1. Quick check for me: using +1 on Lys/Arg Cβ and -1 on Asp/Glu Cβ, what's the dipole size of the chain about its Cα centre, in debye to the nearest 20?
2. May I ask you to compute the full-extension gain from D11 to E78, defined as 0.36 nm times their residue separation minus their alpha-carbon distance, rounded to one decimal in nm?
3. Any chance you could run the full-extension gain for T68 through T41? It's 0.36 nm times the residue separation minus the Cα-Cα distance, nm to one decimal.
4. Below 8 Å between Cα atoms, with a sequence gap of 6+, how large is the relative contact order for the chain in percent?
5. Among 3-16, 81-94, how do they line up from the highest to the lowest mean number of other beta-carbon atoms within 10 Å?
6. What do you get for Rg/Rh over the stretch 2-96 if you use C-alpha atoms and the Kirkwood form of Rh?
7. Which cross-chain or sequence-distant (5 or more) residues have an amide H under 5 Å from the amide H of V25, H modelled 1.01 Å from N in plane?
Amino acid sequence: NVCIGEAVFVDDIPSSKDCLYGAFVYSTKPLAHVKSIELDTSVEQIKNTTVVTVNDIPEGGSNVGAGTVFGFEPLFCEPLTQCAGGPLGVVVCKLL
């Protein structure tokens with residue numbers, strides 16, 4: 001038996017025009033109150049950068065990241081991080 005084909009991976013697909021990129025920002029400490037998120041301003045390739053956090057969820061919206069058999073897990077930590085590695089927000093930007 002011979003199988004012939006081609007797998008196309010997401011990284012193999014060229015980005016469309018005006019594509020935005022996103023990356024989660026994670027807590028480095030457990031049980032921490034987050035006062036602010038500051039980005040490294042020396043990264044010159046990034047423009048139009050926005051950080052989306054729990055504070056950006058509109059009134060009436062829900063901070064739901066996933067539903068599990070144990071209930072819903074929040075998308076963003078609020079107001080206290082539960083563990084190191086908890087998601088604090090998402091950085092969204094357009095690369096030059």
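1. Charge dipole, the chain, about its Cα centre: 180 debye, nearest 20.
2. Values: separation 67, 0.36 × 67 = 24.12 nm, distance 3.25 nm.
Extending this stretch completely gives an extra 20.9 nm.
3. 6.0 nm
4. Values: 126 pairs, mean separation 43.8, N = 96.
The normalised contact order for the chain reaches 46 percent.
5. Taking the mean over residues of other Cβ atoms within 10 Å, the ranking is 81-94, 3-16.
6. The Rg/Rh ratio comes out at 1.09.
7. Distant-sequence amide H within range of V25: L88, G89, V90, V91.
A short reminder: the numbers here are calculations on the coordinates, not readings from a lab. The model shown is predicted, which means the values in this text are computed figures rather than measured ones. Note: ideal-geometry Cβ built from the backbone for every residue, glycine included; neighbour counts use all protein chains shown.
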